[in-house]
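The values are calculated or read from the model by the stated rules, or taken from the named source; none is laboratory data. All values reported here derive from a predicted model rather than from experimental measurement. Cβ coordinates were reconstructed from backbone atoms using ideal geometry, including for glycine residues, and neighbour counts include every protein chain displayed.
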Amino acid sequence: MLDSPILRAVFLFLGCYFLVNLLGMFGWLLPVLAVAGAAAIALVAWLYHTDYPKLQRLYGQPALAAVIGLVCERVLEVQAPVGADPRPLRRDPPRRADAAAPRAGAHGREPEGTELASHEPQKEDQKEDQKEDQRALRLRTPGDFERARTELRLSVRGCEEALNVLLRVARTNVEVRALSERGAVQPPLGIFLAVGPSGLGKRHLATLFGALAYGSAGVTVIDVGAVEDARAALVDTVKSNPYQVVVLLGIDRASDELLRDLSLIAERGALTGSQGLVSFRHTFLFLCSDRSTAECRRLRDQALGSGTLTGRIQAIRRDTAFDLRLASVIDDILYFELPGPEVQAEVVTLQIEAECRKYGQELERIEPEVLVREVQRIGEAQSFEQVPGRVARRLRGALLEARERGGRVIVRADPVDPVAAEA
């Protein structure tokens, strides 16, 4: 009997009527709030299924964003309205004989027969797409990327090649994305494979880039081998904030399920599951792989030696567990190797300056012997991984001395190296 939509509507109306009357016994405010809340939920649900572009525009209004986001995530259990219309990704497969999911054509257009086309004029769609795609992104213009290059060079050393590749590819992807039409299936803004020995700046460069792209709150680091379910952690963090950079450490330890999901994300820019639709089209993904210097160079030689995209894809597949789909959509490989002694000394100096600022102090000078000893230890370890801890221990006495004499910090070379004595 309840299969009839008319009867369901009648029972729903009667239930709401009695609920409002029941709340009315406690005053007039509760019924008004209940009706307003129900109206907001109904309106958001209706727009989500009938006019998703309009819901996107309303979500762009600060006064409405909190309400729409709350209804989507808490009531409808879907992601807040970002990216392309999710309904084609959520619906059942087409009834046609080929039963293939709609795929974007060579120019970013959907094949005929899909439901991705907007009812608004094409030019207006493109303008809205640009606003929607770049609403939170801080790197949009060539000037933005040049300023990012300058800031990154002040904070990182020894990975100039990786820095240049990252900014070049990111700038190209952002500029191309601004030309896309509404409804075009889009992958993440960038997917990078960062390879090299541990402690050479893969995570550091990615997090600094993320802070420049989306602000300090727009970066999430997930250690694949340290969390129980890396796949769930990835989905949860992007669902809560689709505008961010996600750094996946230890990608070589990723499960088959996570790698399969990364392939789907790279292909269509979204995942569907028990949590509803999660859009990744506004994220940058950094897949970090700890490899020895020899392995890193071998991958570089294989990828660059062929001089073709196919050669790079095959090199990635030989050196990783990535399937063909995931290997094919890696935007580029960022290589990290231990730089020479001069750059190592610069890195140590930057770390000492950062440690001084942590305690509100300024660095005056570092005696050369200190840098010589640190460079020797970096060379022995072939990594910068232990530099922060050594610097923190070495500066204890220097910080106290600077406070007592009311001056800036002088890092002296004591006859007995305090770091070596504690080791």
Worksheet, complete the sentence: Those residues of segment 168-182 which are among the acidic types (Asp, Glu) and either crowded, with 22+ Cβ neighbours inside 10 Å or at pLDDT 90 or above (or both) amount to 175
Discussion item. So for segment 202-215 (the condition being at pLDDT below 90, in a helix (DSSP H, G or I) and more than 29 Å from residue 312 (Cβ to Cβ)), does at least one residue qualify?
Written reply: no
Practice prompt. Considering (1) outside the structural domain of residue 232 (by TED's automatic domain parsing); (2) surrounded by 18 or more Cβ atoms within 10 Å (Cβ to Cβ), say which one residue 285 fails and leave the rest.
Written response: (1)
Worksheet item: Which residues, counting only those in segment 223-236, are surrounded by fewer than 18 Cβ atoms within 10 Å (Cβ to Cβ) and under 20 Å from residue 136 (Cβ atoms)?
Response: 236
Worksheet item: In segment 183-194, which residue that is more than 16 Å from the chain's Cα centre (by Cα) and buried (at least 21 other Cβ atoms within 10 Å of the Cβ) is modelled with the lowest pLDDT?
Response: 183
Item to complete: Could you check, for segment 304-320, whether at least one of its residues is touching a Gly at 6+ places or on another chain (Cβ under 8 Å), surrounded by 14 or more Cβ atoms within 10 Å (Cβ to Cβ) and in contact (Cβ under 8 Å) with a residue 40 or more places away in the chain?
Response: no
Discussion item. Being in contact with a Gly (Cβ under 9 Å, 6 or more places away or on another chain), closer than 21 Å to residue 408 by Cβ and buried (at least 17 other Cβ atoms within 10 Å of the Cβ) is the filter here; which residues of segment 348-386 pass it?
Written reply: none
Item to complete: Please note which strands (runs of 3 or more DSSP E) are completely contained in segment 258-331 and include at least 1 residues that are at pLDDT 85 or above and not aliphatic (A, V, I, L, M).
Response: 276-279, 284-290
